[in-house]
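Q: Before anything else, here's the structure in question.
What follows draws every value from the coordinates through simple rules; no lab data is involved. It should be emphasised that the depicted structure is a prediction, and the values quoted were computed from it without experimental measurement. Cβ sites come from the backbone with ideal geometry, for glycine too, and all protein chains shown count toward neighbours.
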Amino acid sequence: MTALGFLYPGHSAEDDYPRMEQLLGSDVRLTVVHTDIGEDAHRVDALHEMGSAERLEAGVEELRRSGAEAVVWACTSGSFVRGWQGAHDQVRGLARAAGIPASSTSFAFAHAVQEIGAHRVAVGATYPDDVAALFAAFLKEAGVEVTAVTASGIVTAAEVGTWEYDRVLALARAVDGPDAEAVLLPDTALHTASHLADLERELGKPVLTANQVSVWEALRLTDRRVHAPQLGALFTREPVVQA
């Protein structure tokens, strides 16, 4: 049994995790611990506070009791708003507090893009323009070329959590283009676990979403690979060997 822990801000699309646990098989357990979201706002100052050490560490003890072997801060915007170095400092502090390997959804995206062998990606963001631009800048720090960014201007995670498949697909289609080797949808408040195979079939290319890459990243931290086609190309491809 591989036990994985996730610190998830508030309540929006956390039901993606039991869906993914079912698709991963009986020997992977996903434990979600909810952190205090503070102010539900895709605004830089609120996002900094949402990902503060105090808020993250408040959930660590529950994760310890669950037997988690690795932990992911399952919030994209609450990590990349700190910049490349600040996001590193955030997960290092989380790893020290938890006593287990740690990462965040932002780094999960960077690692997942590398895993599928992509170099150019399009970003379909639910966020306002300024926050979406910070995610694109974070990806560039990771060596990823961003071909296009679409910002939907949604301020709250609560609203994002109400989006259904048609709206998620419209966002992905709006930003996709021939230069993009993959499409990224960076918001853990967005329900995508049930839609990945359909999204990839519609776009004809890999689609990486926040909850999906968060689970993949936690598996990566424990050196586990799981074949789960319904969770998209990320869970079916062999790792790319970098020359």
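Q: So for the pair His11, His34, with labels modelled 7 Å out along Cα→Cβ, what separation do we get in nm?
A: 0.4 nm
Q: May I pose another question? Go through Trp216, Tyr8, Val81 and say which Cα lies farthest out towards the positive end of the charge dipole of the chain; charges sit on Cβ, +1 for Lys and Arg, -1 for Asp and Glu.
A: Trp216
Q: Sorting Tyr8, Tyr17 on the 10 Å Cβ count, fewest up front, what's the list?
A: Listing Tyr8, Tyr17 from fewest to most nearby Cβ atoms yields Tyr17, Tyr8.
Q: Something else: With point charges of +1 on the Cβ of Lys and Arg and -1 on the Cβ of Asp and Glu, referenced to the Cα centre of the chain, which listed residue (Ala97, Leu203, Ile154) lies farthest in the positive direction of the dipole?
A: The residue sitting most towards the positive pole is Ala97.
Q: Based on Cβ point charges of +1 for Lys and Arg and -1 for Asp and Glu, what charge dipole magnitude is obtained for the stretch 51-126 about its Cα centre, in debye rounded to the nearest 20?
A: 140 debye
Q: Right, another one. Say each of Asp223 and Ala133 gets a label point 7 Å from the Cα, pointing the same way as Cα to Cβ; how far apart are those two points in nm?
A: Calculated label separation equals 4.4 nm.
Q: Let me ask something else about it. Of the listed values (i) 11.3; (ii) 13.0; (iii) 17.2, identify the label whose number matches mean projected area of the Cα convex hull in nm² calculated from this model.
A: (i)
Q: Moving to a separate point now. Give me, ordered by chain and number, the residues 5 or more places off Cys75 or on other chains with an amide H under 5 Å from its own placed amide H.
A: Placed amide hydrogens put Thr105, Ser106 under 5 Å from Cys75.
Q: Could you give the dipole magnitude of the chain about its Cα centre, charging the beta-carbon of Lys and Arg +1 and that of Asp and Glu -1, in debye to the nearest 20?
A: Dipole size: approximately 600 debye.
Q: Please give the length that would be gained between Gln114 and Ala158 if that part of the chain were fully extended, namely 0.36 nm times their separation in residues minus their C-alpha to C-alpha distance (nm, one decimal).
A: 12.8 nm
Q: What nm distance separates the two modelled labels at Asp89 and Ala53, each placed 7 Å from Cα along Cα→Cβ?
A: Between Asp89 and Ala53, the label points sit 0.9 nm apart.
Q: Something else now. What full-extension length gain, to one decimal in nm, is calculated for Arg201 and Asp166 as 0.36 nm per residue of separation minus the Cα-Cα distance?
A: That pair, Arg201 and Asp166, stretches by 11.2 nm at full extension.
Q: Could I ask something else about it? Just Ala102, Ala142, Ala87 to compare: in a GNM of the chain, with alpha carbon springs under 10 Å, which one fluctuates most?
A: Checking each option, the largest mean-square fluctuation is seen for Ala142.
Q: Right, something else. Report relative contact order for the stretch 2-235 in percent, whole number only (criteria: Cα-Cα under 8 Å, sequence separation at least 6).
A: RCO, the stretch 2-235: 24 percent.
Q: Right, something else. Taking other Cβ within 10 Å of each residue's Cβ, how do His111, His119, His195 sort, fewest first? Could you put the intermediate results ahead of the total?
A: Details: His111 16, His119 11, His195 24.
Neighbour counts put them in this order, fewest first: His119, His111, His195.
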